[in-house]
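Presented below is the structure to which this report refers.
The values are calculated or read from the model by the stated rules, or taken from the named source; none is laboratory data. Quick caveat, the model's predicted, so the values are computed rather than measured. All Cβ positions, glycine included, derive from the backbone under ideal geometry; neighbour counts span all protein chains shown.
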Amino acid sequence: MDKVINLQIWQLAAAYIFIVILLVIVKLKGIPREKEILISSARMTLQLILTGYILMYIFQNSNPVFTVIVIGVMEAFAIYNVFKRVKVKLSPKIKRIIAISMVLGTTSSLLYFIIVVINLSPWYDPRYFIPIAGMLIGNSMTGISLGVSRLVDGMTAQKHLIESALMLGATPKMAAKEIVDNAFDSAILPTINSMVGMGIVFLPGMMTGQILSGVSPVTAIEYQIAVMLGILGSVALTVILFVQLGYKTFFNEQQQLDIS
Amino acid sequence: MFQLEGVKYKNILDIKQLSIPANKITCIVGESGSGKTTLLKLLNKMISCSEGEIFYNNDAISTINSIELRRKVVMLPQVPAVFPGTVKENLLIGLKFSEKPAVNDEKLSAVLNMVQLNKPLDEDADKLSGGEKQRLALGRVILMDPEIFLLDEPSSALDEDTEQNIIEKLVHYIKETNKTLIMVTHSKKIARAYADNIIEIKNGRVLN
Ligand SMILES: Nc1ncnc2c1ncn2[C@@H]1O[C@H](COP(=O)(O)OP(=O)(O)O)[C@@H](O)[C@H]1O
Ligand SMILES: [Mg+2]
């Protein structure tokens, strides 16, 4: 196997010069975005350095407590991100459903993956557990965000049809079926599309990273396939849980529409 | 059939006492914003009263399962609902929602005839005009054959002749099958001609 090229400080500096050139162009064109570019580059650098050191520490001191804490932080961050990303107003009830679906959907997929597919031992080995958890949680977060927007928008926009269905004796489940199905479709579509283009249109990030760091492409692909299936499972499970529990928050116990 | 005792809904309706007879035609009249739609929605539990109680055949409706009640007491909303799909699918969707068996095309055509909607069953329902949608929605409710019809201004988008015609057929059907009709109407003429019982609402109160 080829030796991995370790980036030197001056090489990283060269990458920053790239950004400086970009800044000059932006400035010349009069696009008022220098501040955003600077802040986001600086933030990214700091976050990654910090994460790098934390991960190094955790990898060297493999311990189930650390692994669980890291997963907890990721989940909390992901759930908070969903709340922030969705532009519509969310009721406390639906926020609770989002959190429950994220935690149940991603942890059950993750455990299946770690225990059955990879057969990791010890199960909490952070070198595997943490990156895989990150990918499952990150993709599920994107999926559920789309699902939440679609569900809430659909329930509000189609309020009249739902109400009419109830007047005709429909159960809330029947009345909301179309919207629930739609929300599910649009939430998992990006994951399905990215699977279809994978390997042809683009090389997935994880695989690229592994290949760059010296792993054989075939090994990288084996992992990529397994991880993609895990991601699909996790996204689908999270979103199914969400839509199946989520639509109920729009109805009260008298089967009346309750949209404030 | 329905008995209202001290019913209040927010500050919109305030009805001390009201009874609506079975197997009769009751018309609800009153100016816009007086609370007619709100009253209908209370009767099939689309909303629940803030105070008081409504009895359906002597049972408090707060104790009746909402879905079961709505399958017997079917409401036609003021703005007709058109679901994505054909005329046929729109007619059948009421039976589907209330989990009743579907009917054949002959029956569907008969209903279209009754509401004077001369359109093929496979026509896209979204293309219909406002008045046609209203008749389609009425046809759907008739097909469900409920005990009680709650109709909210079922003929508001129709011209006077069509209105007269359809309401007459509907009234005939109700009498013949011994059903109950509770209908909000803006037309004093319709109310005078067909109602056995008229309820007039003003500012959320019943006048007599
Ligand atoms: N969901 C609601 N929340 C608050 N006010 C409402 C609601 N629905 C209707 N109203 C108000 O209640 C009053 C009666 O409405 P409605 O029953 O629709 O009158 P009508 O059918 O006689 O025209 C109106 O002033 C209306 O603005
Ligand atoms: Mg009204």
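A:Gln254: in contact with a Ser or Thr (Cβ under 6 Å, 6 or more places away or on another chain) and under 30 Å from B:Leu76 (Cβ atoms), yes or no?
Here the answer is yes, as A:Gln254 does meet what is asked.
Go through the stretch A:147-164 and give me each residue that's β-branched (Val, Ile, Thr) and either away from every other protein chain (no Cβ under 12 Å) or in a loop (DSSP other than H, G, I, E, B) (or both).
A:Val148, A:Val152, A:Thr156, listed by residue number.
Residues that are touching a strand residue (DSSP E or B) at 6+ places or on another chain (Cβ under 7 Å) and closer than 21 Å to B:Ile25 by Cβ: list the helices (runs of 4 or more DSSP H) wholly contained in the stretch B:91-208 that include at least 2 such residues.
Of the helices (runs of 4 or more DSSP H) lying wholly inside the stretch B:91-208, those with at least 2 residues that are touching a strand residue (DSSP E or B) at 6+ places or on another chain (Cβ under 7 Å) and closer than 21 Å to B:Ile25 by Cβ span B:130-144, B:160-177, B:188-194.
If you go through the stretch B:1-31 one residue at a time, how many are of a type in the set (Asp, Glu) and within 16 Å of ligand 2 (Cβ to nearest atom)?
Total meeting the criteria: 1.
Please verify whether B:Glu106 is more than 13 Å from chain A (Cβ to nearest Cβ) and without any contact (Cβ under 8 Å) to a residue 40 or more places away in the chain, treating the condition exactly as stated.
Taking the combined requirement at face value, the residue satisfies it.
Residue check, A:Val82 against (1) loosely packed, with under 15 Cβ neighbours inside 10 Å; (2) under 19 Å from A:Ser149 (Cβ atoms); (3) within 12 Å of the chain's Cα centre (by Cα); (4) of a type outside the set (Ser, Thr, Tyr), all met but one. Which one?
Every condition holds for A:Val82 apart from (1).
Any residue in the stretch B:21-42 that is over 25 Å from B:Val141 (Cα atoms), more than 13 Å from ligand 1 (Cβ to nearest atom) and surrounded by 13 or more Cβ atoms within 10 Å (Cβ to Cβ)?
Scanning the stretch B:21-42 turns up no residue that is over 25 Å from B:Val141 (Cα atoms), more than 13 Å from ligand 1 (Cβ to nearest atom) and surrounded by 13 or more Cβ atoms within 10 Å (Cβ to Cβ).
Could you list, in sequence order, all residues of the stretch B:68-90 that are free of Cβ contacts under 8 Å to residues at least 40 places away in the same chain, within 8 Å of chain A (Cβ to nearest Cβ) and of a type in the set (Val, Ile, Thr)?
B:Val79
A:Ile231 passes all but one of (1) over 16 Å from the mean Cα position of the chain (by Cα); (2) modelled with pLDDT under 95; (3) of a type in the set (A, V, I, L, M); which number fails?
(1)
So which of A:Met141, A:Met195, A:Met167 is out of contact with any Leu (no Cβ under 6 Å at 6 or more places or on another chain) and within 11 Å of chain B (Cβ to nearest Cβ)?
A:Met167
Would you please name the residue that is nearest to ligand 1 (Cβ to nearest atom), looking only at residues in the stretch B:43-79 that are under 30 Å from B:Gly131 (Cα atoms) and among the β-branched types (Val, Ile, Thr)?
If we take residues in the stretch B:43-79 being under 30 Å from B:Gly131 (Cα atoms) and among the β-branched types (Val, Ile, Thr), then B:Ile47 is nearest to ligand 1 (Cβ to nearest atom).
Rundown of residues vs (1) within 21 Å of A:Thr107 (Cβ to Cβ); (2) free of Cβ contacts under 8 Å to residues at least 24 places away in the same chain; (3) surrounded by 10 or more Cβ atoms within 10 Å (Cβ to Cβ), yes/no style:
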site: A:Ile9; (1), (2), (3): no, yes, no
site: A:Tyr16; (1), (2), (3): no, no, yes
site: A:Leu22; (1), (2), (3): no, yes, yes
site: A:Ala42; (1), (2), (3): no, yes, yes
site: A:Leu48; (1), (2), (3): no, yes, yes
site: A:Gly72; (1), (2), (3): yes, yes, yes
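Conditions first: (1) surrounded by 18 or more Cβ atoms within 10 Å (Cβ to Cβ); (2) away from ligand 2 (no atom under 16 Å from the Cβ); (3) assigned to a helix (DSSP H, G or I). B:Cys49 passes all but one, so which condition is the exception?
(3)
Restricting to the stretch B:140-185, count the residues that are crowded, with 22+ Cβ neighbours inside 10 Å and of a type in the set (Ser, Thr, Tyr).
The total comes to 2.
Based on what the data block shows, is B:Gln116 surrounded by 14 or more Cβ atoms within 10 Å (Cβ to Cβ) and either within 13 Å of ligand 1 (Cβ to nearest atom) or on the phi < 0 side of the Ramachandran plot (or both)?
Spelling it out, it is not the case that B:Gln116 is surrounded by 14 or more Cβ atoms within 10 Å (Cβ to Cβ) and either within 13 Å of ligand 1 (Cβ to nearest atom) or on the phi < 0 side of the Ramachandran plot (or both).
Please state which of the following conditions B:Ser34 fails to meet, knowing it meets all the rest: (1) more than 16 Å from ligand 2 (Cβ to nearest atom); (2) small (Gly, Ala, Ser); (3) over 27 Å from A:Glu178 (Cα atoms); (4) not in a helix (DSSP H, G or I).
It fails just one condition, (1).
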